[in-house]
């Protein structure tokens, strides 16, 4: 390659745009997708990209593949696959913490091989919350290992994360600017990076099993647990405290009582759930009987619940072994609803309406004219404008709201679950993956075939499909893709690569160049994110490989892998999703994620060299 290229005006403009993009992403004065749009417009105004090709990124295979994987993931989630997965993980773990961590992280990593990493993390957040509530394992000890496995598992296939999806398009675009005599770059097959992904995923599991786990903070259950009441309801209505399980002993005076009679006892906490025999339910009816061995789900201050348990000869447990699933915030919680002027509830009491028996709603309080009624609340005759506070399963609340006798004002999960479509959704998904394996069809067409199948089969409706798409990610990618084209076509990438080689010591081994490219890409990803780092660095890596006599595809693959190698900052969308719920500090992430990133780079380079 000619290393004496003259720095042209076009090269200066492209490098200036790269510097501008990095600065804007670093200081975050403007949203990343807006910055990407500005860069796209400047590319068009400057003539660096032909106007007829400027918006081709929006219709590229990479962008369509990202959209398809988001929708397919939403379809699997709608069928309740993740809920079943949480139950399966708990059964297989047999209560052993290390086994639970290992199973959860391994399965999350495998899931990320065919879904976008942020989508997988979004699906596993409620799974982690459920596992935390049912085992007492704090979220800080769960979320970072899961996030790391998801990032590692994204390298199992070419559709696991955005950089790998982009890679083939960037390789094809580079062919038009290769020097004469250079071999044409071929797109990588669906499972081309599989051996690399397996090694990386195993490294992540081993890292947290033997090393990282000891550095993870344990908050003794003070993380985001489903049993914890929202502070708003504590402040506004005096409804505070946690949920406890009270087991009825043979000596308890509650034996033979109805739930309504137990609630009327002096000092009784809120009784929100009851397990009798094999049946567990929220909002049990007032006439439900309590027997020896029954378990009550009680909410209130620890002192109140403890006194009640002592006086009534009940065994108290603060760990939710029976009701963990029922009190999961993705499934149930506290809400507010207004009684409209047209409601049939007006003039009737909670007892008259049998809210628990008929609607599955536990009435906790009535707010009337800024006066909160908590005592004997089920005997208060309702009026128009009353604000009612309920505890219920979200689906029961949605069904009650359909009658128009209540207007729910609390935002709650309203997504319709379709468990009866699970087998159909899995079949469609498997067919789409098999089509993607075929060399006759582009991956984007194969994945969109699966999307069409899910829509036609009713796994998702079109509005749900639109809602599943993260348009910020799509817009960011589509707007920045032309920047990568300009880097290559203007010769800026070749100029940077040639001058980099000139300044390196003679005889620098290729593997060392690959390590340096991996580390540089990782550093770029900390600043401009994984999509921006891929688009900027792949053309540079291809030209550097040509200048050094290396394999351009191998260099480009190392860049695409390294663009996701960020476990230390919120510029990685997966990490950004867990920092809030788990309360990780920047120092913690660097202490735990830094060594893992170094291991990632070394393993990625070693495996790519073994394969190429």
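The values are calculated or read from the model by the stated rules, or taken from the named source; none is laboratory data. All figures in this text were calculated on a predicted structure; none of them were measured in a lab. All Cβ positions, even for glycine, are placed from backbone atoms using ideal geometry, and neighbour counts span all protein chains on display.
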Of the residues in the range 364-407, those that are in contact with a strand residue (DSSP E or B) (Cβ under 8 Å, 6 or more places away or on another chain), free of Cβ contacts under 8 Å to residues at least 40 places away in the same chain and closer than 14 Å to residue 346 by Cβ come to 366, 368, 380
Only one of 599, 574 is out of contact with any strand residue (DSSP E or B) (no Cβ under 9 Å at 6 or more places or on another chain), surrounded by fewer than 22 Cβ atoms within 10 Å (Cβ to Cβ) and in a helix (DSSP H, G or I), namely 599
Here the qualifying pairs (Cβ atoms under 7 Å; residues six or more apart or on different chains; first in the range 314-337 and touching a residue at least 12 places away in the same chain (Cβ under 8 Å); second part of a strand (DSSP E or B) and surrounded by fewer than 17 Cβ atoms within 10 Å (Cβ to Cβ)) come out as 322/280; 323/280; 326/280; 337/407
Wholly inside the range 356-475, strands (runs of 3 or more DSSP E) that include 1 or more residues that are under 22 Å from residue 78 (Cβ atoms) are 387-393
Check your understanding: Any chance the range 312-326 includes a residue that's closer than 23 Å to residue 402 by Cβ, out of contact with any strand residue (DSSP E or B) (no Cβ under 8 Å at 6 or more places or on another chain) and outside any helix (DSSP H, G or I)?
Key -> no
Restricting attention to the range 159-188, the residues that are surrounded by 24 or more Cβ atoms within 10 Å (Cβ to Cβ) and in a loop (DSSP other than H, G, I, E, B) number exactly 3
Conditions (1) surrounded by fewer than 16 Cβ atoms within 10 Å (Cβ to Cβ); (2) more than 30 Å from residue 485 (Cβ to Cβ); (3) in contact (Cβ under 8 Å) with a residue 24 or more places away in the chain -> residue 99 fails only (3)
Worksheet item: Got at least one residue in the range 376-387 being modelled with pLDDT under 85, within 28 Å of the chain's Cα centre (by Cα) and on the phi < 0 side of the Ramachandran plot?
Response: no
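Yes/no per residue for (1) out of contact with any helix residue (DSSP H, G or I) (no Cβ under 8 Å at 6 or more places or on another chain); (2) modelled with pLDDT under 90; (3) surrounded by 20 or more Cβ atoms within 10 Å (Cβ to Cβ):
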residue: 254; (1), (2), (3): no, no, yes
residue: 258; (1), (2), (3): yes, no, no
residue: 264; (1), (2), (3): yes, yes, no
residue: 278; (1), (2), (3): yes, yes, no
residue: 284; (1), (2), (3): no, yes, yes
Of the residues in the range 449-473, those that are surrounded by 19 or more Cβ atoms within 10 Å (Cβ to Cβ) and either out of contact with any helix residue (DSSP H, G or I) (no Cβ under 6 Å at 6 or more places or on another chain) or closer than 12 Å to residue 428 by Cβ (or both) number 7
Checklist entry - Based on what the data block shows, is residue 155 in contact with a helix residue (DSSP H, G or I) (Cβ under 9 Å, 6 or more places away or on another chain), surrounded by 22 or more Cβ atoms within 10 Å (Cβ to Cβ) and at pLDDT 90 or above? => result yes
Checking 506, 450 in turn, the sole residue that is touching a residue at least 24 places away in the same chain (Cβ under 8 Å) and over 25 Å from residue 51 (Cβ atoms) turns out to be 450
Reported set for the range 210-251 where residues are under 22 Å from the mean Cα position of the chain (by Cα) and modelled with pLDDT of 65 or more is 212, 213, 216
